[in-house]
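Shown next, in C-alpha cells, is the structure this report addresses.
Every number in this text was worked out from the coordinates using simple rules, so none of it is lab data. What you are looking at is a predicted structure, and each value in this text was computed from that prediction instead of being measured. Here the Cβ positions follow ideal geometry from the backbone for every residue, glycine too, while neighbour counts run over all protein chains shown.
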Amino acid sequence: MAEFPTPAQRQAVAARAGSVCEYCRSPARYGVQSFECEHINPLSQGGATTLDNLAYACGGCNRSKAARTSAPDPEDGSRTSLFHPRTQDWDDHFAWSDDFTLIIGLTAVGRATVDALHLNRPGVVNLRKVLLGIGEHPPKSDYD
C-alpha cells in the first residue's frame, strides 16, 4: 500500500476540490500553509491512498483532523463521524453565517467537524473577511 499520494493523485484531488480546502473552504492560492492530500480514513486505521479516500485540505484542517474519523457533537456530546468529503455533500452539513465569515454546522456531523477541525480559527476567519472584500469569498460553488 502506497503511503504518499502520487503527483497524479495530488493533481486530481486538487482539481476535484476546485483548489479549495474540502473542510474550511479556504482557497489554496491564498493559503499561508501548504495544502495536502488528506487521508479521510487514516492509513493507521486501514485507509488506503486512493482517490476515493483522499481529500484536499489546508494544513490547519489536516493537522486538526489528524487520524480522527469521529468527534463529539458539541450540542449533546454524542460521538459522531466527521464530515466525509467523498460520500457527503458540504451543503448538507454546513452553511455560512449571514456575513459569510463563519461556518455553521447544520447537523451533528457538521457541528462535530466545525469543532474538531477548528473551521472558524481566527486566521481563517480573517482570510475570509479579506477575500470577501475583494469578491473572492465564499467559493462560487457554495452559493450558486
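Using Cα-Cα distances under 8 Å and only pairs 6 or more residues apart, what relative contact order does the chain have, in percent?
After rounding, I find 19 percent.
Could you calculate the contour length gain from residue 132 to residue 51, that is, 0.36 nm times the residue separation minus the distance between their Cα atoms, to one decimal place in nm?
Value of the extension gain: 26.1 nm.
For the chain, what does -39500 (n - 2.57) per DSSP helix run (n ≥ 4), summed and divided by total residues, give at 222 nm, in deg cm²/dmol to the nearest 500?
Taken over the chain, the calculation gives -8000 deg cm²/dmol.
Students often get this wrong: which residues of the stretch 109-134 have the backbone nitrogen under 14 Å from the point 7 angstrom along Cα-to-C-beta of residue 78?
Of the residues in the stretch 109-134, 109-112 have backbone N under 14 Å from the label point off residue 78.
Past the 25 angstrom mark, what percentage of all C-alpha to C-alpha distances in the stretch 7-134 do you count?
On the way: 1579 of 8128 pairs.
I get 19 percent for the Cα pairs in the stretch 7-134 exceeding 25 Å.
Taking 0.36 nm per intervening residue step and subtracting the Cα-Cα distance, what contour gain separates residue 70 from residue 44 on full extension?
Between residue 70 and residue 44, full extension yields an extra 7.9 nm.
Within the stretch 1-76, which chymotrypsin sites (Phe, Trp or Tyr not before Pro) sit in a loop by DSSP and count at most 10 neighbouring Cβ atoms inside 10 Å?
Values: sites: 23, 30, 35, 56; in loops: 23.
Loop-located and lightly packed - none at all.
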